[in-house]
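K.L.:
Got a structure here, written out as structure tokens. Questions coming.
The values are calculated or read from the model by the stated rules, or taken from the named source; none is laboratory data. Being a predicted model, the structure only gives us computed values, none of them experimental. Backbone-built Cβ (ideal geometry, glycine too); neighbour counts: all protein chains shown. Ligands, DNA and RNA are excluded from the accessible area calculation, which covers all protein heavy atoms including side chains. Shrake-Rupley method; radii C 1.70, N 1.55, O 1.52, S 1.80 Å.
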Amino acid sequence: MRRRYKIIGAAIFVLALLLTGCGKAGRLDEGDCSCVVRLQDIPREFKMLEENLQEQLEITVTLENITTERQYRFELNTGNGFQQNALLHPGIYRVYYCSGSPYILNMDIAAVQEDLEVKRNQENEITVYLQNEKEFSDLVWNMQPAREIMQSDKFSRQIQWGGQMIDLENIMDYIEFSSDQTVKAYDQITLFNSEAGVRVTLQNQTAQMASWKECELIKVQFGRPNVIFGQGVKVGMPVREIVHAQEGIYGTPDSLTGSIFYVAGVDRVGMVYCDEASGDRLTLESSSDGKDVYSILYEFAVFE
């Protein structure tokens with residue numbers, strides 16, 4: 001067990017190095033030169049997001065002093081109006097890293113300038129912007145549920161995709177998968193489209209080798225809020241809004257899956273709803289803190 005902890009600790013350390021580098025962390029109040037990092041043209045779609053997603057909105061910008069290699073982390077969010085001030089030492093600072101969260105919104109953040117020479121008695125400002133503004137805008141608008149999907153049952157096999165109602169069984173007509181694989185007799189294959197955040201599992205239901213395109217769709221998993229299920233359920237929603245016994249949209253789940261404890265923390269938990277008539281099964285996977293849904297899995301005709 002001790003060896004396992006060491007391996008996990010080492011993995012976390014390596015990941016931290018990859019994301020932030022080896023530079024020392026600096027404080028945002030250690031100098032005497034006023035500096036500000038701000039988001040340019042705050043998208044109006046921010047206010048269209050659900051309250052829980054607005055609370056999670058954060059843009060991280062890391063500056064690095066090219067001489068001392070000290071790094072300074074700025075966090076822009078709704079609380080500070082997506083603008084953070086600091087007092088830094090004079091010098092040249094390069095934009096080391098930019099990111100946007102939560103990840104399900106797929107925000108691509110970039111800086112207007114690559115570096116900034118911070119001086120006394122002048123305005124020192126780094127401006128960042130949303131690179132994929134159109135894609136983000138389309139995503140948020142498509143996250144708004146239409147009346148038809150709000151009136152639909154969770155097992156109707158109907159979803160709202162890209163602002164329109166489609167049959168979930170036809171999802172392969174709307175997503176491209178780059179693969180030339182063949183599937184053995186009665187075997188399965190899983191394909192993933194990272195751009196759409198969709199993972200599908202297909203099964204060869206014949207006794208011969210077959211192309212994956214000839215296989216039967218048996219499950220589909222969504223990791224972004226670009227799809228809406230019956231009664232408006234989608235990735236990113238608070239778990240309580242869906243599974244609460246009295247107030248939840250779907251009510252109490254039929255069962256739970258996943259590991260409750262993993263090493264020293266809480267692993268993902270799946271809340272499962274089953275349809276006795278069709279055999280379909282819908283699983284909502286929650287984030288590690290159990291607050292929000294980060295994945296929705298739909299399985300066709302799973303009779304046990």
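K.L.:
Taking only protein heavy atoms and a 1.4 Å probe, what accessible area per residue, in Å², does the range 38-88 have with all protein chains in place? Intermediate results must be reported in sequence, preceding the final value.
P.N.:
Values: 2640 Å² over 51 residues.
Roughly 52 Å² per residue, with all protein chains present.
K.L.:
Follow-up question, since we're still on this one. For the full complex of protein chains and a 1.4 angstrom probe, list R268, R281, R240 by accessible area with the highest value first. Write out the running numbers ahead of the final one.
P.N.:
Numbers: R268 120, R281 50, R240 145 Å².
In descending accessible area the options line up as R240, R268, R281.
K.L.:
Just add up the charged neighbours of L130: K/R +1, D/E -1, any other residue whose Cβ is under 10 Å from the Cβ of L130.
P.N.:
Within the 10 Å Cβ shell, the charges total -4.
K.L.:
Amide H neighbours of D187 under 5 Å, at least 5 residues apart or on other chains, H built in the peptide plane: list them.
P.N.:
For D187, whose amide H was placed from the backbone, the distant partners under 5 Å are N204.
K.L.:
Loop-only GluC sites (Glu not before Pro) in the range 205-255, please: DSSP not H, G, I, E or B, and at most 13 other Cβ atoms within 10 Å.
P.N.:
E247
K.L.:
Another question, then. Find out how many positive minus negative residues lie around Q54, taking Lys and Arg as positive, Asp and Glu as negative, among other residues whose Cβ is under 11 Å from that of Q54.
P.N.:
-4
K.L.:
Scan around I109 for amide H atoms under 5 Å from its own, H built in the peptide plane at 1.01 Å from N, and keep only partners 5 or more places away or cross-chain.
P.N.:
So I109 has HN proximity to G100, Q131.
K.L.:
Could you tell me what percent of the accessible area of the range 46-109 is made up of carbon and sulfur, with a 1.4 Å probe and every protein chain present? Write out the running numbers ahead of the final one.
P.N.:
Details: 1390 of 3070 Å².
Here carbon and sulfur together make up 45 percent of the probe-accessible area.
K.L.:
Here is a follow-up. Express in whole angstrom the spacing between the alpha-carbon centres of the range 107-141 and the range 25-81.
P.N.:
Answer, in whole Å: 10.
K.L.:
Turning to a different aspect of this structure: For helix 133-142, report the angle its Cα long axis makes with the longest principal axis of the Cα atoms of the chain; keep it between 0 and 90° and round to the nearest 10°.
P.N.:
Helix 133-142 and the main axis of the chain meet at about 40 degrees.
K.L.:
Give me the net charge of T78's neighbourhood, meaning all other residues with Cβ under 12 Å from the Cβ of T78; Lys, Arg count +1, Asp, Glu -1.
P.N.:
Surrounding charge for T78 is -3.
K.L.:
Residue by residue through the range 200-215, what is 3J(HN,Hα) from phi via Karplus (6.51 cos²θ - 1.76 cosθ + 1.60, θ = phi - 60°)? Round to whole Hz and write x for glycine and proline.
P.N.:
Whole-Hz 3J(HN,Hα) from phi for the range 200-215: 10, 10, 10, 10, 7, 9, 10, 8, 10, 4, 9, 5, 4, 5, 9, 8.
K.L.:
Using θ = phi - 60° and the Karplus curve 6.51 cos²θ - 1.76 cosθ + 1.60, what whole-Hz ³J(HN,Hα) does each residue of the range 93-99 get, with Gly and Pro shown as x?
P.N.:
10, 9, 6, 8, 7, 10, 7
K.L.:
Give me a comma-separated list of calculated 3J(HN,Hα) values for the range 40-47, in order, Karplus coefficients 6.51, -1.76, 1.60 applied at θ = phi - 60°, integers in Hz, x for any Gly or Pro.
P.N.:
Values, residue by residue: 7, 6, 4, x, 5, 5, 4, 6 Hz.
K.L.:
Cut-off 10 angstrom, C-alpha nodes, Gaussian network model of the chain. Which of G162, G248, G232 fluctuates the most?
P.N.:
Result for the chain, Cα springs under 10 Å: G248 fluctuates most.
K.L.:
Right, another one. D32: accessible area at probe 1.4 Å, nearest 10 Å²?
P.N.:
90 Å²
K.L.:
Could you pull the accessible area for M150 with a 1.4 Å probe, rounded to 10 Å²?
P.N.:
90 Å²
K.L.:
If you build a Gaussian network model of the chain, linking Cα atoms that sit under 10 Å apart, which residue out of S287, S211, S156 swings the most?
P.N.:
Looking only at S287, S211, S156, the largest GNM fluctuation is found for S211.
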